[in-house]
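Undergrad: Here you go, one structure.
Throughout, read-outs are computed from the coordinates displayed, never taken from laboratory work. These numbers were taken from a predicted model, which means no experiment stands behind them. Note: ideal-geometry Cβ built from the backbone for every residue, glycine included; neighbour counts use all protein chains shown.
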Amino acid sequence: MANPPIVLVTGAGSGIGRELARLFLNDGSRVIAVSLLQDELDTLAAETEASDRLTTLQMDLSQPDATQRLLDYCDGHHLEVETLVNNAGFACFGPAINLDPARVANMIAVNITALTTLSMVFGARMKLRGQGKILNVGSATGLVPSQSFASYGASKAYVNLFSTTLGAELEPYGVSVTCLIIGSVNTNFKHAAVVDSDDSRSRLTGLFASSRVMTAQQVARAGYMALQQSKGRVLVGLEARFAVFLTSLVPPGILARLVKL
């Protein structure tokens, strides 16, 4: 029997990452699930019927050596990652100059640096093998400048653009890069962003309470299917599709003044 394909999923302890890990386990893959919180990984392991194909790694991806540690682990256990899912990320919410600089730095380290370096090192190996897939989780906030999300939106704008360009560079070598661009999703995102402790009149707080918010399962399924079909980009949710439409009509400088979350 052939060995199952190996999938590395970051941010796999909850939300979209957790659902993606489940999807890959269900299709017979071996999953390396990475999360900051060990208790989330323990819960994932306890809930799956495919524990023999699940490896959990507790790791802080904001640390400078995180990518090298992941690579060393895979090499040390003779694991060739065939699919990389860069899902880990969090947001800092509030006026840009009021945020904790250290927390913003950690956010950039996870959302940008870790995603980039993981894509580089594992993408290079995929290129040499002539096959592989990368799924990067972007955001509609990376398309539209939004007050209170300046740094987070900028980090996701990077993800959106980096993914598209990386995909063009790797496509001739049999490697696909998919960017999952999402709107509002019912996950732990708002708690990590400290959204629910801000002004209750915040439009973002109201949005998370609305029926328009998609579930993590819906978003994960859309990203999984797009990855399997080697699509370069998939827009999931009303906000993501509207963001593309809006940016085609209104200059960024005006949008930044109008969009207040």
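Undergrad: Per residue of segment 157-168, in order, report the coupling 6.51 cos²θ - 1.76 cosθ + 1.60 (Karplus, θ = phi - 60°) as ³J(HN,Hα) in whole Hz, putting x for Gly and Pro.
TA: In residue order, the calculated couplings are 4, 4, 4, 4, 6, 4, 4, 4, 5, 4, x, 5 Hz.
Undergrad: Report, ordered by chain and residue number, the aspartates and glutamates lying within cross-link reach of K260, taken as a straight Cα distance under 17 Å and ignoring same-chain residues fewer than 8 apart.
TA: D196, D198, D199, E239
Undergrad: Order 220-231, 148-159 from most to least packed using the mean count of other Cβ atoms within 10 Å.
TA: Numbers: 220-231: 18.2, 148-159: 21.9.
The packing order, highest mean first, is 148-159, 220-231.
Undergrad: Here's a follow-up. Name the long-range amide H neighbours of T55: under 5 Å, sequence gap of 5 or more, or other chain; modelled H, no Pro or chain starts.
TA: Distant-sequence amide H within range of T55: V31, I32, A33.
Undergrad: Which parts of segment 127-166 would a label at S230 reach, counting a residue when its backbone N lies under 11 Å from a point 7 Å out along Cα-to-Cβ?
TA: Under cut-off, by backbone N: 131-133.
Undergrad: Using a 7 Å offset from the Cα along the Cα-to-Cβ direction at both K127 and L57, what is the distance between the two label points in nm, to one decimal?
TA: The two pseudo-label positions are separated by 2.1 nm.
Undergrad: Among T67, T215, T141, T113, which comes first, second and so on when ranked by fewest other beta-carbon atoms within 10 Å? Show your work: numbers first, answer last.
TA: Working: T67 20, T215 14, T141 27, T113 17.
Final ranking by Cβ density, sparse to dense: T215, T113, T67, T141.
Undergrad: Place a label point 7 angstrom from the Cα of A154 along the Cα-to-Cβ direction, then list the residues of segment 80-96 whose backbone nitrogen is under 20 Å away.
TA: 89-96
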